Amino acid sequence: MEKQRSFSIKPTRLWLFSFTISFSLIFFIFFSIWVLNLPLYSRQETHFQFNSTTTAAASVSLGLRSPFKIQSLTGLHRNYSATQIKNSILVSTHFSRVENESQVSNFSTFEGILEKESQPQSVAYDINSEKNLTFFGNRSTKSETVSSKGLEIDSTNSSIPIWNQQQKNVSITLSKKEEVSSDVLQVVNKKECDITKGKWVFDESYPLYTNASCPYIDEGFSCENNGRLDKNYMKWRWQPQDCDIPRFNATQMLELIRGKRLVFAGDSINRNQWESMLCLLMGAIKDPRKVYETRGRRITKEKGNYCFKFVDYQCTVEYYVTHFLVHEGKARIGSKRVQTLRIDTMDKGSSRWRGADILVFNTAHWWNHHKTKAGRNYYQERNQVHPRLDVSTAFEKALTTWASWIDRHVNPSKTQVFFRSSAPSHFSGGQWNTGGHCREASQPIPETYRGEYPEKNIIVEQIIGKMKTPVTFLNITGLSDYRIDGHPSIYGRKPGSSSRVQDCSHWCLPGVPDTWNEILYMHLESNRRKSLPN
């Protein structure tokens, strides 16, 4: 009979077995930790996680040709918190290569809602938050595409903003597309960025045109040709504190008005802006012969109506003079016929404005005239001439007449309406006809200056708020008030003129009105994006 074996484990074998198991577990743990801490560029997917803490945490995995930079946005005036967002929105836009690829794309704030670009090179953002955001861009990166699952980027010198406010989870995915162009990329909050708050920044890349390159600057605004030697007044750029104004892109602006009518209707300050627009647009025209005034008119102060056609774009840029928007006429008082202002009747030229695709109005400058201020036997309603009427009351009645005309004759599905606020004058030591001057000014007024907000602006805003037709108020008063250096002063006439009157109301070109048109361009581009299908 075979001897039965005893089943036992020696202590040495037990120790070796335990050591092997323990070492394997430790190795597995350290290997897992090492894998989880691989560099960002060694993984295939990207996930941006904005957690509900005071610091945004990002978990990222990318395939990049160069290091991917994550940039914190600091210095924003407002706190934009994603905890207030509740709608999930898809956004499409397009980016272009930075002119100097060593620059980092900047994100800033403006107005609007999430919008979709029509090009196939799209960027889709799926954002679950309470406020709607919009993306524009005046800095550019290589084109990227975004989907709602994560973020995959094949790009160089890209920058993604991370907020230091509390956020809900947001996930974004990008993938490389072909390079496309765009002038505007801003992170936009539904709450408008206040472009009236900011400062003038000296920028050597300005002006956007010169007196030599633009043939449409009339003598009154052509300060350089009239002998002004300093050039710094041309080189200031308005920088809002909460966002960026996109640099004017003449080609894109011409595309925005292709086949359309852009009409400026107002006083000589609007002619100032209209001439600026012509000069800005000429920057994209290769053959100047394909831009002409339809009646062969040369721009002067004597003629008040102009229509310039841009042949290649089949569009017109027009100006119609109307000092008050309402009708200037005459009425009989006793045995005399006196000049009156019919504040209940639109200007006779209003029929020419009808059918325009973009309307830019203004009035304010002439409401400071001695007749309008005194208001004696001047304001007329129907057959009645008021013996005396306060200028603010008359202004409100006239603007109400204008608003009624807009609501009655403008189709908001076709026409975009803008009303530019009053532009400030800077006379010292008197008015234009009593020795007022501004010749000594060569720099903007310091930022600590705060001018009084005009009552006329308040009236305009109140009336616009009651209208059925949407009207965008272009508030340029405050930013222009700093620019005492921007007026023609003694350079509104050719050297040798006998007149001692200084012009501290209008503006040199290039100059401040170019900024007004950059703001107009910004709104038109924003409106175009909003009109695109989702």
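Report the label-to-label distance for Lys494 and Asn411 in nanometres (one decimal), using points 7 Å from each Cα along the Cα→Cβ vector.
Each label point lies 7 Å from its Cα, and together they span 4.7 nm.
Whose amide H sits under 5 Å from the amide H of Glu381, counting only residues 5 or more places off or on another chain, with H placed in the peptide plane?
His386
Suppose R0 equals 56 Å; then what is the FRET efficiency for Gln241 and Thr20 from their Cβ-Cβ distance, rounded to the nearest 0.05? If you can, show how the numbers build up before the last one.
Working: r = 66 Å, r/R0 = 1.18.
Step by step, r from the Cβ atoms, then E = 0.25.
Just the accessible area per residue of the stretch 318-436, please: how many Å² with a 1.4 Å probe?
48 Å²
Within the stretch 449-532, which GluC sites (Glu not before Pro) sit in a loop by DSSP and count at most 13 neighbouring Cβ atoms inside 10 Å?
Passing sites in the stretch 449-532 are Glu452.
Return the FRET efficiency for the residue pair Glu452, Lys199: r is the Cβ-Cβ distance, R0 is 22 Å, and the value is rounded to the nearest 0.05.
About 0.70, to the nearest 0.05.
Give me the percent of the accessible area of the stretch 297-430 that comes from carbon and sulfur atoms, probe 1.4 Å, all protein chains in place.
It is 44 percent, rounded to a whole number.
As a test question: what accessible area, to the nearest 10 Å², does His370 have when a 1.4 Å probe is rolled over all protein chains in place?
130 Å²
What accessible area per residue, rounded to a whole number of Å², is obtained for the stretch 205-288 using a probe radius of 1.4 Å?
Numbers: 2810 Å² over 84 residues.
Computed with neighbouring chains in place, this is 33 Å² per residue.
The values are calculated or read from the model by the stated rules, or taken from the named source; none is laboratory data. Small disclaimer: the values here were computed from a predicted structure and weren't measured. Cβ: placed from backbone, ideal geometry, glycine included. Neighbour counts: every protein chain shown. Calculation scope for accessible area: heavy atoms of the full protein, side chains included, ligands and nucleic acids excluded. Shrake-Rupley method; radii C 1.70, N 1.55, O 1.52, S 1.80 Å.
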